[in-house]
1. Consider Arg60 carefully, then state whether it is in contact with a Pro (Cβ under 6 Å, 6 or more places away or on another chain) and either within 14 Å of Ala166 (Cα to Cα) or open to solvent by 50 Å² or more (accessible area, probe 1.4 Å) (or both).
2. Considering each of His127, His105 in turn, give the residue that is at pLDDT below 95, within 16 Å of the ligand (Cβ to nearest atom) and either open to solvent by less than 40 Å² (accessible area, probe 1.4 Å) or not assigned by TED's automatic domain parsing to the domain that holds Asp412 (or both).
3. When the residues of the range 192-205 are narrowed to those that are within 14 Å of the ligand (Cβ to nearest atom) and open to solvent by less than 40 Å² (accessible area, probe 1.4 Å), which ends up nearest to Cys161 (Cα to Cα)?
4. For Gly264, are the conditions met, namely being in a loop (DSSP other than H, G, I, E, B), more than 13 Å from the ligand (Cβ to nearest atom) and surrounded by fewer than 19 Cβ atoms within 10 Å (Cβ to Cβ)?
5. Can you tell me which residues in the range 160-187 are within 16 Å of the ligand (Cβ to nearest atom) and either more than 30 Å from Gly273 (Cβ to Cβ) or surrounded by fewer than 17 Cβ atoms within 10 Å (Cβ to Cβ) (or both)?
6. Answer yes or no as to whether Pro208 is out of contact with any strand residue (DSSP E or B) (no Cβ under 8 Å at 6 or more places or on another chain), within 13 Å of the ligand (Cβ to nearest atom) and over 27 Å from Ala384 (Cα atoms).
7. Can you name the number of the only condition in (1) open to solvent by 40 Å² or more (accessible area, probe 1.4 Å); (2) away from the ligand (no atom under 16 Å from the Cβ) that Phe157 fails?
8. State the number of residues belonging to the range 11-31 that are over 20 Å from Asp300 (Cα atoms) and either open to solvent by 30 Å² or more (accessible area, probe 1.4 Å) or not assigned by TED's automatic domain parsing to the domain that holds Gly100 (or both).
Amino acid sequence: MPAPRVALVSLGCKVNQNELEAIQHLFQAAGYEVVPFPDKADVYVVHTCTVTHISDRKSRQLIRRAIRANPEAIVAVTGCYAQVAPGEVLNIPGVDVVVGTRERHRLVELVEQAREKGALVNAVRAHVAGEAFEELPLVEVSRARAFLKIQEGCEEFCTYCIVPYARGPLRSRAPAAILAEVRRLIAAGYLEIVLTGVHTGAYGRNLPGEVDLAGLLRQLVQVPGLRRLRISSIDPLDFTPALKEVLTGEEVICPHFHIPLQSGDDHILARMGRRYTGSYYVDLVASLRNRRPRAAFTSDVMVGFPGETEAQFANTLQLVREAALAGIHVFPYSPRRGTPAAAMPDQVPPEVKKDRERRLLQLGRYLARQYAREFLNETLAVLAERPLPGQPGVYEGYTGNYLRVAFPATGDWTGKIVNVRLETLKGGLIWGKLEKDVKGEQENGFTRRK
Ligand code: SF4
């Protein structure tokens, strides 16, 4: 009897991708063979996103592709879109199992239940206060970096954001479980661990006792053999003095801070429900930069929030320049049903959003090049990730401060930290040369000046 086949696909953020890897692991552990999506399979899993109306549409498209790929198969839909709009998903003919952002650990059982009963299984459950963190197996996907989810949910309710409705209240993983996982990953040979979450900076707020991100990091940096610890994103208001201390004082913590700004205009920030000002943000970056002068600061910025005028957008451009951000993700505002901002008057026309997105991306690329140029003709430690696609004999990887670097190298370097002399910048990629003779490795620090 051949093993049943499963094909899985996800949309959206790093947390969603990590969860899909964990779900894949659940099926493999149950004897399923994993095939690429949308190859012919007995089970399809579509892990959805709902952060914009486009994500909803893409989620529905993937669901229909799965159904067409094998009408006999069990089609299971999970994730944020299924959580906030279960009715829409249940109404798609051919869907068999619907699970939101809870109960994913039961997915194999629910799929087999649907097959046995030949009936639709709706396992979407509302989030409840005090809900526990759902443990999903961590799976090593890349041989270079491991993504470790430490936190789930958000209670900020920024007026444009659907995430709190999709992912529910704050839930933090127990520090002991995280420490055990980090030790296991180091033993497995990982040199870099990326801590992820939905509102990572709020880690520990739902746990008893004095548990917070700063305290957790203090414990993690003590773990022997940990070479690099990266934090996926921290919101501006989550930077306590203790957190600043550990982020800027511990060499093992990567000098790369992703701090979502969203807008550089105080009036728009207030309407977004983000309780800080532009000058607070600039001061925060300056205070961190003061202690770690060459760290990279990257951000998320939204354009076209309801009511955003050209002058307010100009404030965002100005602030991004002032903070000298080394990289920005730009998000055109997308009305999400049920969020306060969706009901706000003076929605910005799509063509205006498009134009502002283009101008902000342009500024972002310019600033990223400026930042990268600072490191040319220096030698930095690079974690080699993989052979550069389409370039035989060339590897690519990231420095501690998140510069993407390519360098000629033969042999298998994946997962190794090497010293690379950075030479040229071409199209967002720095080209360099492997330096084998450099004594010792420049770890997350910066190079010796020639
Ligand atoms: S902090 Fe705001 S933007 Fe981020 S997930 Fe929470 S509600 Fe959404």
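The values are calculated or read from the model by the stated rules, or taken from the named source; none is laboratory data. As the structure is a prediction and not an experimental result, all values here were calculated from the model. Cβ atoms come from the backbone with ideal geometry, glycine included; neighbour counts cover every protein chain shown. Just the protein is used for accessible areas: all its heavy atoms, side chains included, with ligands, DNA and RNA removed. Shrake-Rupley method; radii C 1.70, N 1.55, O 1.52, S 1.80 Å.
1. Spelling it out, it is not the case that Arg60 is in contact with a Pro (Cβ under 6 Å, 6 or more places away or on another chain) and either within 14 Å of Ala166 (Cα to Cα) or open to solvent by 50 Å² or more (accessible area, probe 1.4 Å) (or both).
2. Going through His127, His105 in turn, the sole match is His127.
3. Only one residue fits best here, namely His199.
4. Working: in a loop (DSSP other than H, G, I, E, B): yes; more than 13 Å from the ligand (Cβ to nearest atom): yes; surrounded by fewer than 19 Cβ atoms within 10 Å (Cβ to Cβ): no.
When the stated conditions are applied, Gly264 does not pass them.
5. Pro169
6. No; evaluated as a whole, the condition is false for this residue.
7. Result: Phe157 passes all but (2).
8. 8
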